[in-house]
Amino acid sequence: MEKEVIIRAEHLKKSFGSGDGSVNAVNDVSVEICRGELIAITGESGSGKTSLLNLLGGLDKPDSGKVVVDGRDLTALKDHELAAYRRRHSGFIFQFFNLIPVLNVEENIALPLNLDGKDADKQRVDELLEILGLTDKRYCFASQLSGGQQQRVAIGRAIVAQPPCIFADEPTGNLDSATSREIIALFKRIIEKYGTTVVLVTHDPNFAAEADRVFTVSDGKIVSEKVRTV
């Protein structure tokens, strides 16, 4: 059965600066990503991989080109429409967790729904806490958690609204190797259970080895694509 394409990027270009200081962060990139795939984007620092991730996730707009996610052309949305789209249809995970220190685990996970004027479904939150291995940490604050536990909360926050896609920038960058492997396993469990598409930037070779496809970026272009063989 042919896989469903959920993200389609066409001739994306994005530059920063002007004149002699201008940098082509993303330079004519076209790519398709299928539903339920785990995609790793790798490359040297300054290669443009985070800029590409931000375009695919709608955190930034390209100078030219198109990004279509789950049938919606992100590049055609106005800023307020794009903000609402990100809140409801995309999950974002960053290297530094970005948890709200005055909120407990449960409240941090429910935050995207609350910001959208919705109440979190208790059964849904309970299920996520079990998947994340945080049931007994429900009422703890970020300062009471390990780095790996904080990243699990960030993952829960990213998926609580059941977005079709999750975008992660160096999600294991601040974690030790054992905890990183746990986070990799958690992403794979989420994909298997919910059919979520995960696109992430990583320097972690263990993470890249578990991805369905690995895109290597250099000078703003995808210079190679490696498909994992089972």
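Step by step: first the residues of the stretch 1-15, then only those that are among the basic types (Lys, Arg) and over 11 Å from THR197 (Cβ atoms), then the one that is surrounded by the most Cβ atoms within 10 Å (Cβ to Cβ). Which residue is that?
It comes out as LYS14.
Under 6 Å by Cβ, and 6 or more places apart or on different chains, what pairs join a residue from the stretch 61-74 that is part of a strand (DSSP E or B) and surrounded by 15 or more Cβ atoms within 10 Å (Cβ to Cβ) with one that is of a type in the set (Lys, Arg) and modelled with pLDDT of 90 or more?
Partner pairs satisfying both residue conditions: GLY65/LYS13; VAL68/ARG8.
Please list, ordered by residue number, the strands (runs of 3 or more DSSP E) wholly in the stretch 112-230 having 2 or more residues that are over 19 Å from PHE94 (Cα atoms).
So the answer is 213-218, 221-227.
Quickly run through the stretch 75-110 and pick out the residues that are aromatic (Phe, Trp, Tyr) and part of a loop (DSSP other than H, G, I, E, B).
PHE94, PHE96, PHE97
Answer yes or no: is there a residue in the stretch 16-25 that is modelled with pLDDT of 90 or more, buried (at least 16 other Cβ atoms within 10 Å of the Cβ) and in contact with a strand residue (DSSP E or B) (Cβ under 9 Å, 6 or more places away or on another chain).
Scanning the stretch 16-25, I find at least one residue that is modelled with pLDDT of 90 or more, buried (at least 16 other Cβ atoms within 10 Å of the Cβ) and in contact with a strand residue (DSSP E or B) (Cβ under 9 Å, 6 or more places away or on another chain), so the answer is yes.
Considering every residue within the stretch 8-30, establish whether at least one is touching a Gly at 6+ places or on another chain (Cβ under 6 Å) and outside any strand (DSSP E or B).
The answer is no; no qualifying residue exists.
State whether the residues of the stretch 80-103 include one that is without any contact (Cβ under 8 Å) to a residue 60 or more places away in the chain, under 25 Å from ILE6 (Cα atoms) and either of a type in the set (Asp, Glu) or crowded, with 20+ Cβ neighbours inside 10 Å (or both).
Yes, some residue in the stretch 80-103 is without any contact (Cβ under 8 Å) to a residue 60 or more places away in the chain, under 25 Å from ILE6 (Cα atoms) and either of a type in the set (Asp, Glu) or crowded, with 20+ Cβ neighbours inside 10 Å (or both).
Mind checking which pairs have a first residue in the stretch 22-41 that is free of Cβ contacts under 8 Å to residues at least 40 places away in the same chain and a second that is buried (at least 20 other Cβ atoms within 10 Å of the Cβ), Cβ under 8 Å, 6 or more apart or different chains?
That search, which allows pairs on different chains as well, returns SER30/ALA9; SER30/LEU12; GLU32/ILE7; GLU32/ALA9.
The values are calculated or read from the model by the stated rules, or taken from the named source; none is laboratory data. Treat the numbers as computed from the prediction; the structure is a model and nothing was measured. Heads up, the Cβs are rebuilt from the backbone with ideal geometry, glycines too, and the neighbour counts pull from every protein chain shown.
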